[in-house]
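Q: Pasting a structure here, questions to come.
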Amino acid sequence: MSEAFYTDKARVRASFEKAAASYDSAAVLQREVSDRMAERLDYIKHQPAVILDAGSGTGYGSAELRRRYPQARVIELDLAHAMLQASRERGRSGDGLLKKLFKPSQPWQINADIEKLPLADASVDMIWSNLTVQWINEPDRMFAEMRRVLKPDGMLMFSTLGPDTLFELRDAFAGVDGATHVNQFIDMHDIGDALMRAGFAEPVMDMEKIALTYDDARAVMRDLKAIGAHNATSGRGRGLMGKQAWRKVEAAYERHRRDGKLPASYEVVYGHAWKGTEKKLAKMTDDGRQVIEFVKKAPKP
């Protein structure tokens, strides 16, 4: 990937720290994708005892995982500490009298980067990651870390964004200047290849398009800001855009207006794979030497 499109992790962290208070009010796509991921669990036979929510945000997905697997320990991990704090506050609210009579057990939380998981080898049964993978720079490194912390027969389920995401916005900014204005996202096939290189067994990938609609371009940008989805590429411009340049962007975006609304399209990529088990097979070479091969096998869904 071109260095101009590398994600600035410090920028990502700062954006999500600031957005924690406004995140839930604008995270329509994130909740919808989380719900669609959860529906896929209906068709997978897996009863995890320990689940890692990698990129847990304000805890929407974690709450569903605790509901679905009441006996499991769910660990929330996020790059932004404020997101974890928002999740704790969410857990303290609601549920009326029971919450007042009994102090709720706090979720296990880790403030860390999913490319450097501070967890022991083979310590979790399932990793769930909703719309977080798109913020990483090295998928091979991240998937290797995820496979390391998964137990044998452990499952990874994730969603991310593909390269057609926000193509209307990218088109509107094209030609304004030499800077990048929209994050670049990794192709589904490249994600699948990275899973295979990391040693995951039988990865399954699929994709769908989801479009949100807005009255104007400024509303699109407000929502992106509210969820912390700022342009975090290293090649982004460092100064504020002038009024004349912004008017050009708005005019260019207008070319995409349909039925009175401006669309913001998202290419949502889903994937799941298994750590699998390793079986040793002994083979004899022509000269009589024994060779041991390791064959990774995935559990049956």
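Coordinate-derived values only; no laboratory data. For clarity, every value in this text was computed on a predicted model and none was experimentally measured. Please note: Cβ atoms are built from the backbone with ideal geometry, for glycine as well, and neighbour counts cover all protein chains shown.
Q: Which FRET efficiency, nearest 0.05, do residue 171 and residue 90 yield, Cβ-Cβ r, R0 35 Å?
A: Values: r = 37 Å, r/R0 = 1.04.
Taking R0 as 35 Å, the efficiency between residue 171 and residue 90 is 0.45.
Q: Something else: For region 133-225, state the semi-axes of the equivalent ellipsoid (square roots of 5 times the eigenvalues of the alpha-carbon gyration tensor), sorted largest first and rounded to whole angstrom. Don't jump to the answer; show the numbers that get you there.
A: Working: eigenvalues 204, 41, 27 Å².
Values for region 133-225, descending: 32, 14, 12 Å.
Q: At residue 108 and residue 32, where each label point lies 7 Å from the Cα along Cα→Cβ, what is the point-to-point distance in nanometres?
A: Going from the residue 108 label point to the residue 32 one covers 3.4 nm.
Q: Further question: So, R0 is 45 Å and r is the distance between the beta-carbons of residue 11 and residue 71; what FRET efficiency does that work out to, to 0.05? List each step's numbers first, then the result.
A: Numbers: r = 39 Å, r/R0 = 0.86.
With R0 = 45 Å, the Cβ-Cβ based efficiency is 0.70.
Q: At a 10 angstrom cut-off on C-beta neighbours, averaged per residue, how do the peptides 203-211, 20-28 rank from highest to lowest? Don't skip to the end; give the middle numbers.
A: Values: 203-211: 13.8, 20-28: 17.0.
The peptides rank, most packed first, as 20-28, 203-211.
Q: Using a cut-off of under 20 Å, list every residue of region 18-37 whose amide N is near the label point 7 Å from the Cα of residue 164 along the Cα-to-beta-carbon line.
A: 29-30, 32-34, 36-37
Q: Return the FRET efficiency for the residue pair residue 144, residue 246: r is the Cβ-Cβ distance, R0 is 41 Å, and the value is rounded to the nearest 0.05. Intermediate values should be presented prior to the final figure.
A: Details: r = 42 Å, r/R0 = 1.02.
Calculated value: 0.45.
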